[in-house]
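Engineer: I'd like to ask you about the structure that follows.
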Amino acid sequence: MTWARWALIVLFFAAAISLVYRFFPESPQLTLITNTVLPDSYATNVNALQMATDGLPSSRLQTPSLIHYQQDDAADFEQPVVTLYEIDQPSWQITANYGRSVNAAQTIYVWDNVKAHQAGDAKHLETTLTTSQATVYPHDKIIFTTQPVELIRPGLQVQSKGVRANIKDNEITLFSQAQAYYDPNTKPAAATSK
């Protein structure tokens, strides 16, 4: 074999290898997706009860569907019912069409047709708050909004821009532009309330 033939064979194989790499490129590397914005779990018919350190119920979250996200330990839910329990008073029940919790439900945002209700008893007047959106802090037992709100108690109807309801202290603070209608002829079912 002459030198020219060897050169031709080497050139042929080099061209063949070049064509193979051109038409059959290297396989792409598989990359593990670690996007924390994607849901990591889904639950239906949720009924989560959080207990206080004394073993008594502190708060409850009920929803027909919940989608959890790793980022911010957040969850989205529809038709939530958040119940706040406090010793020596009826529980508060907060309902809405939508909700989102963050930081393991330390903060719960509710919106669209928000209603917070406490049934009356011998010491507390029945109270209903309605607004478009609110923030609930289950551990601190606070309901907060800067949106227009309506407060209804027996014989009393108040409209305000913003409210802070402190369930632990049984105090409701209206922020601004409060207007009230009082009917002195309505007899409240409960004796007194703050």
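Values in this text are rule-based calculations from the coordinates and carry no lab data. Since the model is a prediction, treat every value here as computed from it, not as a measurement. FYI the Cβ positions are ideal-geometry reconstructions off the backbone, even for glycines, and counts take in every protein chain you see.
Engineer: How long is the gain from GLN177 to LEU49 if the chain were fully straight, where each residue apart is worth 0.36 nm and the alpha carbon distance is subtracted?
Structural biologist: Gain on extension, GLN177 to LEU49, equals 42.4 nm.
Engineer: Through the Karplus equation 6.51 cos²θ - 1.76 cosθ + 1.60, θ set to phi - 60°, convert the phi angles of the stretch 138-147 into ³J(HN,Hα) values in whole Hz; use x for Gly and Pro.
Structural biologist: 3J(HN,Hα) across the stretch 138-147, in whole Hz: x, 5, 8, 6, 10, 10, 9, 7, 9, 7.
Engineer: Count the net charge of all other residues whose Cβ sits under 13 Å from the Cβ of PRO57, scoring Lys and Arg as +1 and Asp and Glu as -1.
Structural biologist: Value of the local net charge: 0.
Engineer: Okay, moving on. Can you tell me the FRET efficiency between THR146 and GLN71 if r is taken as the Cβ-Cβ distance and R0 is 30 Å, rounded to the nearest 0.05?
Structural biologist: So the FRET efficiency works out to roughly 0.70.
Engineer: Ok, one more. Starting from the Cα of LYS123, draw a straight line to each of the aspartates and glutamates and keep only those under 14 Å, dropping any in the same chain fewer than 8 residues away.
Structural biologist: By straight Cα distance, LYS123 reaches GLU86, ASP88, ASP169, GLU171.
Engineer: From the square roots a ≥ b ≥ c of the eigenvalues of the alpha-carbon gyration tensor of the stretch 79-180, which class results: rounded (a/c under 1.5), prolate (a/b over b/c), or oblate?
Structural biologist: The shape class here is oblate.
Engineer: So what's the net charge close to TYR69: Lys and Arg +1, Asp and Glu -1, counting the other residues with Cβ under 10 Å from its Cβ?
Structural biologist: Cβ neighbours under 10 Å give a net charge of -3.
Engineer: Further question on the same structure: Assuming a ≥ b ≥ c are the square roots of the Cα gyration tensor eigenvalues, decide whether the stretch 137-184 counts as rounded (a/c under 1.5), prolate (otherwise, with a/b larger than b/c) or oblate.
Structural biologist: The shape class here is oblate.
Engineer: Sum up the charges of everything whose Cβ sits under 12 Å from the Cβ of ILE94, counting Lys and Arg as +1 and Asp and Glu as -1, but leave ILE94 out.
Structural biologist: +3
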